[in-house]
Amino acid sequence: MNIDLEAPYLPLVGKRLRQETSRDDRIKLGFMAVIGLYLVIALGAPLFIMLSKSLSTYRFDLAAFEFQVSDETRTNWGPVVTADALNQELGVVAEDELASSSDGRLAATKFFPDFSFRSPVHYRIRGTTADTAFLAGSTLEKGTEWREYDSGTFRRVVLRPASSLGLENFKTYFSTPALARSIYNSVLMAAISTVVTISIAFALAYGLTRSCMPLKGLFRGILTIPILVPSLLPGIALVYLFGNQGVFKDWLMGYSIYGPIGIVIGSVFFTLPHAFLIILTALSIADARHYEAAASLKASKWRTFTTVTVPGARYGIVSAAFVVFTLVITDFGLPKVIGGQYSMLAVDIYKQVIGQQNFEMGAVVSVILLVPAILAFAVDRRMQKRQVALLSARAVPYAPKPNAGMDRICFGFACLVSLFILGMIAMCQIAALVKFWPYDLTLTTKNFAFDLMDGGGWSAYGNSIKLALLTAFFGSLVVFAGAYMVEKTDGFRFGRSLFHFLAMMPMAVPGMVLGLAYIFFFNNPANPLNSIYGTMAILVICTVTHFYTVAHLTALTALKQMDPEFESVASSLKQPFHRLFFRVTVPVCLPAILNIAIYLFVNAMTTVSAVVFLYSTDTKLASVAVLNMDDAGDIAPAAAMGMMIFYTNVAAKLIHALIARGLLARTQAWR
């Protein structure tokens, strides 16, 4: 039998089959769009505004202002004359004085040497363009219409600078030797700290994974302690240990702890846990067959180390190096406390904004600080993409063999580093309890009377706990929901890729840069969100955004472990995605959600750089109080507040462990 395939049975040429999106997918896309919009508003828009501020230059355009002066009868007016013509005649404003900031003011009376506020003479002023602006008292005036003032009012008239876009701010920065040197100092300190930290972290991780040394669990716990304290605290500890009145000041052989030495030691302290955990994970993934092959080939221990151990962990080492480099070059708290006169980029931002109110130059430094952070992040991501799987299905887990000599060396080194960490914390604890160091070592609790000190008192500590709880709750909700929409939505590849890009951006943005960008964006009266400026809400948004990336990656890792068949089965049973989300996804991923919550809580308690520009009198924070008390010379109370942050984070970790144990016993029994 012949079968004739006619045209109606053939697919139409040129027609592309498109997968029909389900209602659940459209809802997921909507949620993803909402959270993506949050990231645009909380990160993209502020950074764009900050970049435009760094390119904004301000200068007094004297030719744009015209004056007229009456006689004493106020019936006859003199000729119209520009401020530029008057300045050329009188020379009252030098050329270099015409450059200004956005808040610049130039008194109009400067151009009238015979001015007297008691004179019956009246003055007129207008602009030559519609954008020309001046202030009459607190009233902003613009435009080309004449405004007439008596002498008493005219003395309060000030000219405002005109804005333009250009690279003048960057030229000014790089032409100022003291400011430009901050770049060299920051890169140098970050490079030295990275080499030292990675060396110590690798040695510790190697000892824990390649030896049979005792107390491995204890050492793991001690090595993570620096994560629980703000970066200012090691600076305070170093002052008490090696400062002018320090216990071990003679150990420095005449060198000062205030400067590069203190910055490097403190940086090693607070970045060591990050490098250690990354390298420990890399070294934990090892195939025993590689070591057996090396032994059968009679390779020396050194050759085995250089050809098997190091190459197997190289991506972890590189990733840890870039994490440490970024943390050091963007840190503000430590160099502010222990840096002395040694200038660093992050401290320059603080000085320009808080000290000189020069927001444009602060934006310039922020853009410069973004460059190394973004480069380090980009290289790290590229290296991670090149990483290949080191374990196959036939892999044999590596188990170290006892070696008395090696075990003793590893144990001794771990004890030495642990002593360093515990010694720094102990020194801060002593400083918090001693009456007057080093002259009166009587124990006292007066340093905890924060209400009698500068910095915000006990209310600042309460605000920090409130911030941490809100950040942990809302941050976990937003981050996990966003990660779920990205991972479990079918189709919309471009939208999901764009969302993932936005979620990865915060990792490359230093806290100081984000905080300054928030000033430019949210402090603008024209912004509909201006009402949240100075409230707890903006601190929560900033903190969640600052630490979004690590939490997002944690959530993605947990979600990737779930078989996509869950969604397929739920769809075939016509179950809505939210039922699957709450009954299956959340219980299965509960360990990751709890880890995200405690991660956000701890970082919200310790962060300084991201919030130092954003707090108000009603929202002062404990970490910022440490900075303010140290600035005021109350170093012991600053140490006490730092220890309160440490106590809180330890308590939070314990509560987290108890809650996790109870909840996971019920939700993770299937494991």
### Task
If a/c stays under 1.5 just call it rounded; otherwise compare a/b with b/c (prolate if a/b is bigger, oblate if not). Do that for the stretch 405-506, with a ≥ b ≥ c from the square roots of the Cα gyration tensor eigenvalues.
oblate
### Query
In square angstrom, what is the accessible area per residue of the chain with a 1.4 angstrom probe?
50
### Message
As an exercise, use a Förster radius of 51 Å and the Cβ-Cβ distance of GLU145 and THR444 to find the FRET efficiency, rounded to the nearest 0.05.
### Response
0.15
### Query
What FRET efficiency do you get for VAL92 and THR281 if R0 is 60 Å and r is their Cβ-Cβ distance, rounded to the nearest 0.05?
0.35
### Query
Given charges of +1 on the Cβ of Lys and Arg and -1 on the Cβ of Asp and Glu, with all other atoms neutral, how large is the dipole of the chain about its Cα centre, in debye to the nearest 20?
2900
### Message
Could you give the length gained by full extension between PHE494 and GLN341, i.e. 0.36 nm per residue of separation minus their alpha carbon distance, to one decimal place?
### Response
50.2 nm
### Query
Roughly how tilted is helix 536-546, in degrees to the nearest 10 and between 0 and 90, from the longest Cα axis of the chain?
50
### Query
Is the shape of the stretch 518-632 rounded, prolate or oblate, going by the alpha carbon gyration tensor and its root eigenvalues a ≥ b ≥ c, with a/c under 1.5 for rounded and a/b larger than b/c for prolate?
prolate
### Message
Given a 1.4 Å probe and heavy atoms of the protein chains only, how would you sort VAL586, VAL624, largest accessible area at the top?
### Response
VAL586, VAL624
### Task
In debye, nearest 20, what is the charge dipole magnitude of the stretch 449-552 about its Cα centre with +1 on Lys and Arg Cβ and -1 on Asp and Glu Cβ, if you could check?
320
### Task
Obtain the nm distance between the two label points defined at VAL158 and SER199 by a simple spin-label model: each point lies 7 Å from its Cα along the Cα-to-C-beta direction.
5.3
### Query
Taking the simple approach of a point 7 Å from Cα along Cα-to-Cβ for both THR75 and ARG314, what is their distance in nm?
9.5
### Task
Starting from the residue with the highest accessible area, list PHE420, PHE646, PHE134 in decreasing order, probe 1.4 Å.
PHE420, PHE646, PHE134
### Task
For every helix of n ≥ 4 consecutive DSSP H residues, a contribution of -39,500 (n - 2.57) applies; sum these over the chain, divide by its total residues, and give [θ] at 222 nm rounded to the nearest 500 deg cm²/dmol.
-18500 deg cm²/dmol
### Message
Quick check: from the Cα gyration tensor, does the stretch 161-294 come out rounded (a/c under 1.5), prolate or oblate?
### Response
oblate
### Message
I'd like the accessible area for LEU627, computed on protein heavy atoms only with a 1.4 Å probe and all protein chains in place. Round to 10 Å², please.
### Response
0
#### Entry: C-alpha long axis of helix 232-242 to longest principal axis of the chain, angle in °
90
### Query
Pick the calculated Rg and Dmax of the Cα atoms in Å for this structure from [x] 31.0, 118; [y] 35.2, 143; [z] 25.2, 79?
[x]
### Task
Leaving ligands, DNA and RNA out of it, work out the accessible area of HIS578 with a 1.4 Å probe and give it in Å² to the nearest 10.
90
### Query
ALA191 to ALA85: FRET efficiency via 1/(1 + (r/R0)^6), r the Cβ-Cβ distance, R0 60 Å, to the nearest 0.05?
0.65
### Listed residue (ALA449, ALA404, PHE436) projecting farthest to the positive dipole end of the stretch 396-456, Cβ model
ALA404
### Task
Only Lys, Arg, Asp and Glu count, each charged at its Cβ (+1, +1, -1, -1), so figure out the dipole size of the stretch 139-285 about its Cα centre, rounded to 20 debye.
320
### Query
Say the dipole of the stretch 79-234 comes from +1 at the beta carbon of Lys and Arg and -1 at that of Asp and Glu; which of GLY217, ALA190, SER100 then lies farthest toward its positive end?
GLY217
### Query
For the stretch 609-671, what % of the accessible area comes from carbon and sulfur atoms, probe 1.4 Å?
61
### Furthest towards positive pole of dipole, ALA42, PRO230, GLY127, structure part the chain, Cβ charges
PRO230
### Summary
For MET361 the rounded accessible area (nearest 10 Å², probe 1.4 Å, non-protein molecules ignored) is 20
#### Entry: Helix axis angle, 23-39 relative to the chain longest principal axis, alpha carbon, degrees
50
## Note on the structure
Of the listed links LYS351/LYS620; LYS249/LYS336; LYS142/LYS171; LYS53/LYS351, those spanning more than 27 angstrom between alpha carbons are LYS142/LYS171
## Note on the structure
The relative contact order of the chain, taking Cα pairs under 8 Å that sit 6 or more residues apart, comes to a percentage of 16
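The values are calculated or read from the model by the stated rules, or taken from the named source; none is laboratory data. This is a predicted model, so every value here is computed, not measured. Here the Cβ is made from the backbone with ideal geometry for all residues, glycine too, and neighbour counts use every protein chain on show. Only protein heavy atoms, including side chains, enter the accessible area calculation; ligands, DNA and RNA are left aside. Shrake-Rupley method; radii C 1.70, N 1.55, O 1.52, S 1.80 Å.
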